[in-house]
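Read through the structure below, which is laid out as C-alpha cells, and then see the notes.
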Amino acid sequence: MKKILFIVSLLLLVACSNDEVKYGGAPLKIAVIGDIPELINEKIHFEPISLDEFSEDTLHISTNFDAVMITPVMFEEASDDRFIKVYKNSKMPIIFFDSTKRHFPFTRDGLTYETPHWEELNNGSHTTIYLSDNDANREEAWYFYLKDEKELDILYKEIFQKIETL
C-alpha cells in the first residue's frame, strides 16, 4: 500500500511541475520559429514553422495563427535584413522570446542580433511582442520581464494574455 501511495504522490508531483502555465483565456495557436516551448496548457497550441515558410506565406500564417514566436536559436538568422519587411508587413504579433535586445535587431537595417556594441538595446526585458501596422505607419512593442527563472510560467501567462487582446 505504501508503494502505491508513493507512486501516486510522485505522479501528482510530476503533473504539477513548473512547466504548467495557468493561462485560462481564449485558445491560442502560435507558430514557432526555433525551439518549441515545453509547457503544459490545453489552450495553447504550438506549431513549428521555418523562417522561409513565414516569409513566403505571411498571409496564410497570419490567418491561421494568433502569433509567431521566434526563439534564441533562430535570432541570428531571423535578424537578417531580408526579413525586416516580413515583420513589418505581418499584421500579427511577433514574439521575440528571450531577446535581450528587444525587437530592434529584427526590424532595423544593418543591425543583427550578434552585432557587437549594441548592449544598450538591453532594457532588462526578457521577451518582446512586436506588432507593426504599415497602413497606420505605426509600430508597437510590449516588454515582458522575468525576475526569476522559477517564474517562467507567470511570464508565459502574461505573454498569452497580451496576445489574446491584440
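Each reported figure results from applying straightforward, stated rules to the coordinates on display, with no laboratory input. No experiment lies behind these values; they were computed from the predicted model shown. When we count neighbours, we look across all protein chains shown, and the Cβ atoms used for this are built from the backbone with ideal geometry, even at glycine.
Of note:
- Segment residue 146..residue 89, full-extension length gain: 17.6 nm, with 0.36 nm per residue of separation and the alpha-carbon distance subtracted.
- Computed label-point distance, nm, for sites residue 49 and residue 82 using a 7 Å Cα→Cβ extension: 1.8 nm
- What the phi angles of the stretch 84-94 give under the Karplus curve with 6.51, -1.76 and 1.60, with θ = phi - 60°, is a coupling list of 4, 4, 4, 5, 6, 9, 6, 6, 9, x, 10 Hz, glycine and proline written as x.
- At most 16 other Cβ within 10 Å, DSSP loop - trypsin sites (Lys or Arg not before Pro), the stretch 83-156: 91, 108, 147
- Chain lengthening between residue 59 and residue 137 when straightened (0.36 nm per residue, less Cα-Cα): 26.2 nm
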